[in-house]
Amino acid sequence: MRRAPRALTTALAALVVAAVATGAAWYRLGPVTRATVWAEDGGIFFRDRLAFGADGSLFRPYAGYLHLLPRLVVDLGFARPVDQYAVTVAGACCVVVGVVAAAVFVLARDLVPAWPLRLVLAAVPVAVPVVPVEISGNAANLHWFMLLLVPWVFAARVRSWWGSAVLTLLALVAVLTEPQTLLFAPLLVVGWLRTTRGPEGSRLRALPVSIVTAGAGAAQVVCALTVPRLSPPGDPTVRDVVHGWLLIVVPSAWTRQVGTVADAIARHGWWVLVVPLVGMAVLVAAALVVGSWWARVQVLAFGLGSFVVWTAALVANLEANGHWGEVAVSTLAGSGSSRYSAASAVLLTSGVVLAAAVVADRRSWAGGPRSGTAAAGSVPRVTRAVAGAAAGVLAWGAIAVVVAAAVTSAVPGVTQRSNGPAWAPQVHAGEPACRADPGVVLQVRTAPWGTDVPCALVLR
């Protein structure tokens, strides 16, 4: 009888988190950005939808893989008046990010029982300062957010068949949207173990998620092997990867002005970056010592995932590599973020916040069975108390930095679409020409390209 009220409370909390995260994502874009169509949203996705319809374009490969979620968002854009296409796509993408935040909030409750800390963790895909610059509010970059979602979906304890159905749907959409989600496939083992060991555990409940992940993953692999990519592959050096991660990804976790960190390093030395890196490393190490086995796996998954996703981006895309290992740090003073650094920064921030939440939880330092680790129980009580207090200060400090970075960058800032061109005014300006000749095709500019809009859509 307790399960029904608890499920209702969880559902209501998830709805609140989704609504607030959606609204925050929408607000952070700013009016011009959300009114402007970006890249493939007005390019290949728009043209494919025109040429092949909803059914023919949904599973049509592009750039070597499938894009289920962006295709669905573009379909929604076509279902509404064409002059509202930009804001429809932007709004739908913000809703997707809200759903991701809500899923994290719910699925992380076993690791982070304190809801304020879990709220910070769930807010990461909205709150990281560089997210609105390019990857938020457009369908072309929705796939990056799936990389944050799948670690929680794959490692989830499946408590009911209804829960299994929801997780299976999330896994299906995520994997059919982003092939790099397969990097987190080993976490399916965690989900199986947690489901089997749980009080409500039933091994078969974890089966649908695994089957769907395997099937969708196989479809992505086939596409990767049979559909050529348009962008040439990169050939980064180890120094390019490491220096780029340190100088571009890590600063992206707390500032939009990534180049200011390189400028500070050039002026004052590497300690500017070394100090926060040491703090993060100590925090992660503490979480690995006192956290449960699942906490250790999850923290490592986000931390390593950030570096692996960054490396994969540089290897797969020649344009992604800024050759950071070959240039002086001072030359990067004007560098900005990119969609590759933003996605990796979101994973890194999630790992740090999760580690901080684990360390800040008093149960982690209590010792004995409740802590989930034998290491805590083998340390003298006084030593545990001192270490716990010191680690707690560091953990709360890290959370404060994340919250402060989110608050200071909460207002709309400069994005790749800040200068427009806005979509709707161009469509409205072309309406007289369409009425005069319904066979005309409007040339509508987007950022950074343009698209042809048939008058049939304008006059619909």
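The values are calculated or read from the model by the stated rules, or taken from the named source; none is laboratory data. Computed from a prediction, not measured in an experiment: that's the story for all the values here. Ideal geometry is used to build each Cβ from the backbone, glycine not excepted, and the neighbour counts take in all protein chains shown. Surface areas here come from the heavy atoms of the whole protein model, side chains and all, with no ligands, DNA or RNA. Shrake-Rupley method; radii C 1.70, N 1.55, O 1.52, S 1.80 Å.
Annotations for the structure displayed:
- Among the residues of region 104-146, those identified as small (Gly, Ala, Ser), at pLDDT 95 or above and farther than 16 Å from VAL346 by Cβ are ALA139, ALA140.
- Against the conditions (1) open to solvent by 60 Å² or more (accessible area, probe 1.4 Å); (2) within 26 Å of the chain's Cα centre (by Cα); (3) farther than 22 Å from GLY336 by Cβ, VAL401 satisfies every one except (3).
- Residues in region 242-262 that are more than 18 Å from MET280 (Cβ to Cβ), in contact with a Leu (Cβ under 8 Å, 6 or more places away or on another chain) and either of a type in the set (Lys, Arg) or at pLDDT 90 or above (or both): none.
- Test for PHE52: is it in a helix (DSSP H, G or I) and surrounded by 19 or more Cβ atoms within 10 Å (Cβ to Cβ): no
- If you filter region 350-364 down to residues that are open to solvent by 10 Å² or more (accessible area, probe 1.4 Å) and touching a Leu at 6+ places or on another chain (Cβ under 9 Å), you find that the one that is modelled with the highest pLDDT is VAL352.
- Of the residues making up region 411-429, not a single one is farther than 27 Å from VAL82 by Cα, at pLDDT below 95 and in a helix (DSSP H, G or I).
- Residue match in region 19-27 (condition: touching a Gly at 6+ places or on another chain (Cβ under 6 Å) and either at pLDDT 95 or above or buried (at least 20 other Cβ atoms within 10 Å of the Cβ) (or both)): yes
- You will find that of ALA355, ALA342, ALA333, the residue that is farther than 18 Å from VAL242 by Cβ and more than 19 Å from the chain's Cα centre (by Cα) is ALA333 and no other.
- Filtered residue count, region 57-103, keeping only those that are assigned to a helix (DSSP H, G or I) and either of a type in the set (Ser, Thr, Tyr) or modelled with pLDDT under 95 (or both): 3
- Criterion applied to VAL444, VAL393 was being touching an Asp or Glu at 6+ places or on another chain (Cβ under 9 Å) and either in a strand (DSSP E or B) or modelled with pLDDT under 95 (or both), and the one residue passing it is VAL444.
- Considering residues of region 61-120 that are of a type in the set (Asp, Glu) and out of contact with any His (no Cβ under 8 Å at 6 or more places or on another chain) only, the residue nearest to ALA11 (Cα to Cα): ASP110
- Condition met for ALA320 (at pLDDT 90 or above, open to solvent by less than 40 Å² (accessible area, probe 1.4 Å) and not acidic (Asp, Glu)): no
- Residue match in region 61-82 (condition: crowded, with 21+ Cβ neighbours inside 10 Å, charged (D, E, K, R) and within 23 Å of the chain's Cα centre (by Cα)): yes
- Of the helices (runs of 4 or more DSSP H) contained entirely in region 227-297, those carrying at least 3 residues that are open to solvent by less than 50 Å² (accessible area, probe 1.4 Å) and under 14 Å from LEU348 (Cα atoms) fall at 271-290.
- Residue within region 334-344 that is part of a loop (DSSP other than H, G, I, E, B) and surrounded by fewer than 19 Cβ atoms within 10 Å (Cβ to Cβ) present: yes
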